[in-house]
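Enquirer: This is the structure, below, for whatever I ask next.
The values are calculated or read from the model by the stated rules, or taken from the named source; none is laboratory data. Bear in mind that the values here come from a model prediction, so they are computed numbers and not experimental data. Cβ atoms come from the backbone with ideal geometry, glycine included; neighbour counts cover every protein chain shown. The accessibility values were calculated without ligands, DNA or RNA, using every heavy atom of the protein model including side chains. Shrake-Rupley method; radii C 1.70, N 1.55, O 1.52, S 1.80 Å.
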Amino acid sequence: MELWFLVSLACLALSQAAPPPSGRPVARAAQLSTDFGARVFREVTKASKDQNLAFSPFGVASVVAMLQVASGGNTRGQIKGALRYSLKERGVPQALRLLQKTLTDPRSKDVVEMADALFVQRDLPLVSGFMLRFRRIFHQMVKQVDFTERGRARGIINAWVQQHTNGMIQDFLQEGTLGAMVRLVLVNAIHFKGRWQLPFPEAATRQRVFHKLDGSTVSVPMMEQTAQFNYGEFSTLEHMGYDVIELPYQGEMLSMLIATPFQLNAPLSALAAVIDTQLIAEWKSNMSTVTRLLVLPKFSLESETDLRGPLEALGMTDMFDSQKANFSCLSAGDSLFVAQALQKVKIDVNESGTEASSATAAVLYARMAPLEIVLDRPFLFVVRHNPTGTILFMGQVMEPRAPLFLGA
Ligand SMILES: *[C@@H]1O[C@H](CO)[C@@H](O)[C@H](O)[C@H]1NC(C)=O
Ligand SMILES: *[C@@H]1O[C@H](CO)[C@@H](O)[C@H](O)[C@H]1NC(C)=O
Ligand SMILES: *[C@@H]1O[C@H](CO)[C@@H](O)[C@H](O)[C@H]1NC(C)=O
């Protein structure tokens, strides 16, 4: 028996499982965020091939939405094109806020916590009104830090991430992530903890064979139970058959959907390539209740994804370009660009349920301003007579030595 997991489905399902109480705008915000996240996921799977992968579509959609608020000109145009919505459209900011509120409803039995934070260099000149616009949309915290004290700044951000992921994500930004030119770090954190509506009996868990794509096998602990599940059989346009099973969490607001190709060696990427909210909605409406023996491995995954390539592949190239990036809606003083975009996700699945966390960040640098040029590496030099263009001397310095004064 073979099982592959699209772990991101757990997160996709966040915006799918329950019909949002507040109706269409929230549903549309959920769809737009999820579909964007799913497109990023697709790009990530292309790059990561057949590796384990855990991803948070909502996390990346949140951070890119934050960047949209900060951007202008062509940079904003590219972000809008990829997100397929503008935060300037009527009703969009309210819908996004309402969506976060709906997902994190404290009356639900499952725990979904989300937080956004903006860590900003203390003396960065911000465009007036930016904070107000930002707060209107995102449930976020703003903290001024001093990025010249790199170790301390990293410690502050990592502590915030750890706190908002229930300790699951530690050391989010590794040493060396924050260079001297950092001005701003945008972070989204999500934490989810849900108990299965039907827990797997612990005594039933035992070692079983798991088939890897390359034909090899491993023995892993698998949980099992016989129960009634929502189940459906589907096929892609290329006639690749797969089945989908739903595992609801207590409270029935959230569930994990697991999709597996029938054939042992069928590429999971064919499935990853077609997933979006519409397909998942179709799964949901075409599934029926059946009694089955379900065997599912316990698993724990930890992924770290560099989002730059995937985001660029979706057309967002200017924001990473120090010359072209336009974040003039955030700061008029410094020219900012996104130096890094990354996501860390951890998920644990066992007999009693699921715990998962993600942290997604964009790190914005100021374009190297020529106020400070430190020649702390080998350089070439030329002494030129300008009116004539004559070069009088030239050379290269590989290891500077203090001048020797003859006769001193
Ligand atoms: C940057 O964006 C602002 C606001 O949209 C715009 O007025 C400005 O012309 C843009 N700058 C460049 C260089 O494109
Ligand atoms: C779901 O069922 C409808 C109606 O039977 C069908 O048109 C549709 O293609 C099905 N969707 C999937 C994903 O199989
Ligand atoms: C499953 O994991 C959760 C933490 O996510 C833990 O609290 C719980 O005790 C674990 N259950 C079993 C049966 O191992």
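Enquirer: Would you be so kind as to identify which of S108, A159, V120 lies farthest towards the positive end of the dipole of region 97-162, taking Lys and Arg as +1 and Asp and Glu as -1 on Cβ and the Cα centre as origin?
Expert: Result: S108.
Enquirer: Once you place label points 7 Å from the Cα toward the Cβ at V295 and Q278, how far apart are they in nm?
Expert: With each label placed 7 Å out from Cα toward Cβ, I get 3.7 nm.
Enquirer: Taking the simple approach of a point 7 Å from Cα along Cα-to-Cβ for both A332 and A180, what is their distance in nm?
Expert: 2.9 nm
Enquirer: Follow-up. Which peptide among 235-242, 77-84 comes first, and what is the full order, when sorted by highest mean count of other Cβ atoms within 10 Å?
Expert: 77-84, 235-242
Enquirer: How would region 47-98 be classified by its alpha-carbon gyration tensor: rounded, prolate or oblate, with rounded meaning a/c under 1.5 and the a/b versus b/c comparison settling the rest?
Expert: oblate
Enquirer: State in Å² the accessible area per residue of region 282-338; use a 1.4 Å probe, count heavy atoms of protein chains only, and round to the nearest integer.
Expert: 47 Å²
Enquirer: Once neighbouring chains are kept in place and the probe is 1.4 Å, which whole percent of the accessible area of region 22-115 is contributed by carbon and sulfur? Present the calculation step by step, with values, prior to reporting the outcome.
Expert: Values: 2050 of 4180 Å².
The nonpolar share, carbon plus sulfur, comes to 49 percent.
Enquirer: Using +1 at the Cβ of each Lys and Arg and -1 at the Cβ of each Asp and Glu in region 295-367, identify which of G353, Q340, L301 lies farthest towards the dipole's positive end.
Expert: Q340
Enquirer: Along the Cα→Cβ direction, 7 angstrom out, place labels at Q323 and L198. What is the inter-label distance in nm?
Expert: 6.1 nm
Enquirer: Taking the solvent-accessible surface of protein heavy atoms with a 1.4 Å probe, what is the per residue accessible area of region 77-214 in Å²?
Expert: In whole numbers, region 77-214 has 54 Å² accessible per residue.
Enquirer: Something else: How much of the accessible area of region 196-251, in percent, comes from carbon and sulfur atoms when a 1.4 Å probe is used?
Expert: Ligands and nucleic acids excluded, carbon and sulfur reach 52 percent.
Enquirer: Give the ranking of T148, T360 by solvent-accessible surface, highest area first, calculated with a 1.4 Å probe.
Expert: Ranked from most to least accessible, the order is T148, T360.
Enquirer: What ³J(HN,Hα) values, in whole Hz, does the Karplus curve 6.51 cos²θ - 1.76 cosθ + 1.60 give for region 36-41 when θ = phi - 60°, with x put for Gly and Pro?
Expert: Whole-Hz 3J(HN,Hα) from phi for region 36-41: 4, x, 5, 5, 5, 4.
Enquirer: May I ask you to list the lysines whose Cα is less than 28 Å away from that of K88, ignoring any residue fewer than eight positions away on the same chain?
Expert: Qualifying lysines at Cα under 28 Å: K80, K101, K143, K324.
Enquirer: Same structure, new question: At a threshold of 8 angstrom on Cα-Cα distance, excluding pairs fewer than six apart, so keeping six or more, what relative contact order does region 130-179 reach in percent?
Expert: Reported as a whole number, the value is 29 percent.
Enquirer: Can you compute the FRET efficiency between E302 and L132 using 1/(1 + (r/R0)^6), with r the Cβ-Cβ distance and R0 = 35 Å? Round to the nearest 0.05.
Expert: In this case the efficiency is close to 0.40.
Enquirer: Here's another thing I want to ask about it. Going by average Cβ density within 10 Å per residue, which order do the peptides 197-209, 30-42 take, highest to lowest?
Expert: 30-42, 197-209
Enquirer: Over region 25-153, consider all pairs of different Cα atoms and compute the Kirkwood hydrodynamic radius from their mean reciprocal separation; express it in Å, one decimal.
Expert: In region 25-153 this quantity evaluates to 16.4 Å.
Enquirer: Which ³J(HN,Hα) values, rounded to whole Hz and listed in residue order, are derived for region 292-302 from phi using the Karplus coefficients 6.51, -1.76 and 1.60 in 6.51 cos²θ - 1.76 cosθ + 1.60 with θ = phi - 60°, glycine and proline given as x?
Expert: 9, 8, 9, 10, 9, x, 6, 8, 9, 10, 9
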